[in-house]
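Novice: One structure, as structure tokens, below. Some questions next.
The values are calculated or read from the model by the stated rules, or taken from the named source; none is laboratory data. These numbers come from a predicted model, not from an experiment. Virtual Cβ from ideal backbone geometry, glycine too; neighbours counted across all protein chains shown.
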Amino acid sequence: MKIHEYQAKAILRSYGVKTPYGEVAATVAWAHTVAKKISARGGDFPYVIKAQVLVGGRGNAGGVKLAHADDDVKTHTKSILGMSIKGETVKQVLVEQGIAIKREIYLGIIIDRARKKPVFMVSAAGGMEIEQVAAETPEKILFVPVDIMLGLCDYQTREMACFVDMPKDGMRDFINNVKGLYRAFIEKDCSLAEINPLVLTLNDEVIAADAKMNFDDNALGRHEDIAVMRDEAEEAPLEREARKFHLNYVKLDGAIGCIVNGAGLAMATMDMVKHFDGEPANFLDIGGGAKSEQVAHALRLIVSDPRVNTIFFNIFGGIVRCDLVALGIIEALNMMPNWNTPIVIRLAGTNEEQAHALLKDTPLIPASTMSEGAQKAVEISRSRR
Ligand code: GDP
Ligand code: MN
């Protein structure tokens, strides 16, 4: 799950990370009020007006603007609210005290699966997207894996500070921020926490000018405070639908809709489709049951993506019985009389003979193995392009 910058900053602030004062606003009038509050606290122009959307690259899209006077606050807020950034409509702006920037640093933590550890990434090339730095000048990034049993050690934070040439006066802030970010990352079960840019100011303070936190969905059960921050309106609409029906669904960009029982099999199915030069439209694990209702929801969901022209059902009956799944599919199709997307189906395992008998008089296209099914689905999909 992703949260907005202003929410991430509030969390980081509670962990001692230095952030500029600011508040979120959904109207021009309120943005103006926030600007007054900043001024009342002794703040000076420029202020920053920032689009709150869950995608990155707002700066380049015109979603981050400096306001040098009250009028700027109004005009910038007006122009940013309602703006579309990478398909997301801006509904709120963060109005914040501007920072006088000497240098921009990148500081982030991710989980590194190969190392099985959280890994800090730090770079003096802040402000740009780290993916670009990694691709073009990887030597500009320092990776610091942290042993979670030992925790973040002082020599590691010093190593990071040295790598970005932190001046002596900024050292204390820098180290506090790194430690705060690490604690927030661990305690809140993040999958990513990033400050880009972490700014070294003209008077050598170190302040988070931006913040991004992603959370492990499976840990949200123990973080009610974070779960309520979910911005439903900004999730992919199909994924929101899927969550409502308890379907494990991830949308992709291909034309072959995959419906599979079991996450591992679903991954393997996508690989197999790719192997035959097809492109899966989604990851979808319908779980063990495959009741007709679930199947119908899954089918509707997948074909509501206009790119999808073929469906590949790949079911392995271990605990679940194939004949029940077949009945579920037939029932689901009966609920959708205008169905016209070809469905390739591979059903193997418990009671597969009965299942095949049930499907014999339906338009479903049988396959006896997973690879045969994937191949057929790819061929059919290609012929329908
Ligand atoms: P992003 O483009 O979505 O990552 O948005 P950021 O919050 O990172 O802002 C993009 C860029 O705007 C930063 O890299 C800075 O160069 C600039 N910026 C952001 N906040 C301030 C600020 O307070 N003062 C100044 N002078 N520039 C800022
Ligand atoms: Mn940024």
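A quick yes/no check of all residues on (1) within 16 Å of ligand 2 (Cβ to nearest atom); (2) basic (Lys, Arg); (3) outside the structural domain of residue 199 (by TED's automatic domain parsing):
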position	(1), (2), (3)
12	yes, no, yes
16	no, no, yes
30	no, no, yes
37	no, yes, yes
51	yes, no, yes
60	yes, no, yes
68	no, no, yes
78	no, yes, yes
83	no, no, yes
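Novice: Shifting gears a bit: What pairs come out if I take residues in the range 33-62 that are farther than 30 Å from residue 131 by Cα and pair them with residues that are more than 16 Å from ligand 2 (Cβ to nearest atom) and part of a loop (DSSP other than H, G, I, E, B) whose C-beta lies under 8 Å away, six or more apart or interchain?
Specialist: 38/21; 41/21; 43/21; 45/68; 45/69
Novice: Continuing with this model, one more query. For residues that are part of a loop (DSSP other than H, G, I, E, B) and closer than 18 Å to residue 231 by Cβ, tally how many sit in the range 1-26.
Specialist: 4
Novice: For the range 94-129, what are the residues that are acidic (Asp, Glu) and within 12 Å of ligand 1 (Cβ to nearest atom)?
Specialist: Of the range 94-129, the ones acidic (Asp, Glu) are 96, 104, 112, 129.
Scanning the range 94-129 gives 96, 104, 129.
Novice: Is it the case that residue 278 is out of contact with any strand residue (DSSP E or B) (no Cβ under 6 Å at 6 or more places or on another chain) and not basic (Lys, Arg)?
Specialist: In short, no.
Novice: Quick check, is residue 88 crowded, with 17+ Cβ neighbours inside 10 Å, under 25 Å from residue 220 (Cβ atoms), modelled with pLDDT of 95 or more and acidic (Asp, Glu)?
Specialist: Considered against the rule, which asks whether it is crowded, with 17+ Cβ neighbours inside 10 Å, under 25 Å from residue 220 (Cβ atoms), modelled with pLDDT of 95 or more and acidic (Asp, Glu), residue 88 comes out as no.
Novice: Scan 154, 169, 204, 147 and give me the residue that is in contact with a Pro (Cβ under 6 Å, 6 or more places away or on another chain) and either crowded, with 16+ Cβ neighbours inside 10 Å or over 30 Å from residue 249 (Cα atoms) (or both).
Specialist: 204
Novice: Would you mind listing the helices (runs of 4 or more DSSP H) fully within the range 161-248 where at least 1 residues are within 20 Å of residue 21 (Cα to Cα) and either away from ligand 2 (no atom under 16 Å from the Cβ) or over 18 Å from the mean Cα position of the chain (by Cα) (or both)?
Specialist: Result: 171-187.
Novice: Consider the range 122-146. How many of its residues are among the charged types (D, E, K, R) and either touching a Gly at 6+ places or on another chain (Cβ under 9 Å) or touching a residue at least 60 places away in the same chain (Cβ under 8 Å) (or both)?
Specialist: Filtering the range 122-146 for residues among the charged types (D, E, K, R) gives 129, 131, 136, 139-140.
Narrowing further to those that are either touching a Gly at 6+ places or on another chain (Cβ under 9 Å) or touching a residue at least 60 places away in the same chain (Cβ under 8 Å) (or both): 129.
Residues that pass the stated criteria total 1.
Novice: Every residue in the range 374-385 that is at pLDDT 95 or above and out of contact with any helix residue (DSSP H, G or I) (no Cβ under 8 Å at 6 or more places or on another chain), please. I'd like the intermediate steps shown before the answer.
Specialist: Taking the range 374-385 first, the residues at pLDDT 95 or above are 374-383.
Once the filter is applied, which keeps residues that are at pLDDT 95 or above and out of contact with any helix residue (DSSP H, G or I) (no Cβ under 8 Å at 6 or more places or on another chain), the range 374-385 yields 375, 376, 379, 380, 381, 382, 383.
Novice: Here's a check for you: in the range 54-79, which residue that is near ligand 1 (Cβ under 8 Å from one of its atoms) and crowded, with 17+ Cβ neighbours inside 10 Å is farthest from residue 229 (Cα to Cα)?
Specialist: Ranking the qualifying residues of the range 54-79, first place goes to 61.
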